[in-house]
Amino acid sequence: MSKANDLTPIAMQGYNAPTTACWNGRSPYLATSNHDSAWHIGWWLKRTSRSAPRDVRASRGDTYHVNGMKVRMNWIQGCTEIERIA
């Protein structure tokens, strides 16, 4: 059973999305929500040839725990940028 803050299934949707799915920078979720961020994180993992999401959880603010690393979401002029910070 998954925990309340477990975003791994949503990240897996982004990971399994076709590479053209995010051509316009949009996920199927409400912009800047945790689900939107998780979807983009999954898509980013695939695009950067990283392993599939095993553990994706929201942290504080715009940071997330992803497969043992910490990432920050940056929304700059309508673009979604993901930065590994630890």
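All of the numbers you see were taken from the coordinates with simple rules; none came from a lab. Remember, it's a predicted structure, so these values are computed and weren't measured experimentally. Reconstructed Cβ throughout: ideal geometry from the backbone, glycine too, with neighbour counts over all protein chains shown.
Miscellaneous remarks
- Exposure proxy for ASP36, ASP55: other Cβ atoms within 10 Å of each Cβ, ordered fewest to most, give ASP55, ASP36.
- Fewest-first ranking of ILE10, ILE85, using other Cβ atoms within 10 Å as the exposure measure: ILE85, ILE10
- Estimated [θ] at 222 nm from DSSP helical runs (n ≥ 4, -39500 (n - 2.57)) normalised by residues in the chain, nearest 500: -8000 deg cm²/dmol
- A simple charge model with +1 on the Cβ of Lys and Arg, -1 on the Cβ of Asp and Glu and nothing else charged puts the dipole of the range 8-84 at about 200 debye relative to its Cα centre.
- Think of the chain as a dipole: +1 on every Lys or Arg Cβ, -1 on every Asp or Glu Cβ, centred on the Cα centre; then among ASN34, THR80, ASN5, ASN5 lies furthest on the positive end.
- Computed as a quarter of the hull surface, the mean projected area of the alpha carbon convex hull for the range 8-84 stands at 4.5 nm².
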